[in-house]
Amino acid sequence: MSIPVRPGAARPAARPGASDPLAPLLDLPGVREAADGARAGIDRLLGHRVLRRESAGVSTESALRGARASAALAGVDVPLAELRAGSVTDPVVQGALRASVALGAMVETWPKAPGQVLARLHVLAAADLADSGDLGRPAPHAGARLGGLFSLVTGATTVPAVLVAGLVHGELAALAPFGVADGVVARAAARLTGITRGLDPKAVSVPEVGFAELGRDAYADALAGYRSGTPEGVAAWLVHCCRATEHGALEGLAICESLLRG
């Protein structure tokens, strides 16, 4: 993977005055501006008055909408009302839902033991899609690159959290370490990264909806750019992730307004 800053090069911690291996990402075309836009969108959401008393309710609805959108990106699009009513049995949707609602319990573990969390996410996402013996077990080819990803998750960096989430998302989706439900796992891990790194600590935005609104084709094209490893491809992917985050913040605002209206 020949990207300007390899995730595998991330240090366990960034010492004062030490070079940050991810910093050059901010110099890629459009990335800094897109990250600023994503941060501004999330900040508008976090300032909504409903979150002073209803953040748990917004987070619960966000998890539901995020699961639906993640399943749609995996090719299974179901009405939100049916999902809310509990009438959807499709295994892709159910796996996305299980992974989404479980993220809150993984917040403390993710920055310390990402491999453990990824295995759990795969068990939840692929329970009805893969053989039980394959659940939570990455393929041998994924080993070295997953090690780099784990260093990225556990290490410190000065770049915005939305970009770290984008790298986590891109690495897992491109690597497909499990072979089944990798996209759902990648999107869940990216959301978890945003939560733990302070982008959206209340888990009230819905980045998965942002990706879905931008379209499956655009998602696939941006991911292909990331896989290419070129600076242009990586930049396009990160900008796409930032724009999806902005859209996801708007979805969170819509949830807040809905609760405000009762």
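The values are calculated or read from the model by the stated rules, or taken from the named source; none is laboratory data. Please read all numbers here as calculations on a predicted model, not as lab measurements. No Cβ is skipped: glycine too gets one built from the backbone with ideal geometry, and neighbour counts run over all protein chains shown. Side chains included, ligands, DNA and RNA excluded: accessible areas come from the protein's heavy atoms. Shrake-Rupley method; radii C 1.70, N 1.55, O 1.52, S 1.80 Å.
Here are a few things to note about the model shown:
- Every test in (1) out of contact with any helix residue (DSSP H, G or I) (no Cβ under 6 Å at 6 or more places or on another chain); (2) within 30 Å of VAL88 (Cα to Cα); (3) assigned to a helix (DSSP H, G or I); (4) of a type in the set (A, V, I, L, M, F, W, C) is passed by ALA130 save one, and that test is (3).
- The lone exception for SER205 - which of (1) in a helix (DSSP H, G or I); (2) crowded, with 21+ Cβ neighbours inside 10 Å; (3) in contact with a Leu (Cβ under 7 Å, 6 or more places away or on another chain) it fails: (1)
- Of all residues making up region 91-110, the number that are outside any helix (DSSP H, G or I) and crowded, with 16+ Cβ neighbours inside 10 Å: 2
- Some residue of region 126-146 being open to solvent by 30 Å² or more (accessible area, probe 1.4 Å), in contact (Cβ under 8 Å) with a residue 40 or more places away in the chain and among the polar types (S, T, N, Q): no
- Evaluation of VAL159 against (1) over 28 Å from GLY136 (Cβ atoms); (2) part of a helix (DSSP H, G or I); (3) open to solvent by less than 50 Å² (accessible area, probe 1.4 Å) (one fails), failing number: (2)
- Region 168-193: number of residues that are among the hydrophobic types (A, V, I, L, M, F, W, C), within 18 Å of SER228 (Cβ to Cβ) and either over 9 Å from the mean Cα position of the chain (by Cα) or surrounded by fewer than 18 Cβ atoms within 10 Å (Cβ to Cβ) (or both): 5
- Filter pass, GLU82 being out of contact with any strand residue (DSSP E or B) (no Cβ under 6 Å at 6 or more places or on another chain), in a helix (DSSP H, G or I), among the charged types (D, E, K, R) and touching a residue at least 60 places away in the same chain (Cβ under 8 Å): no
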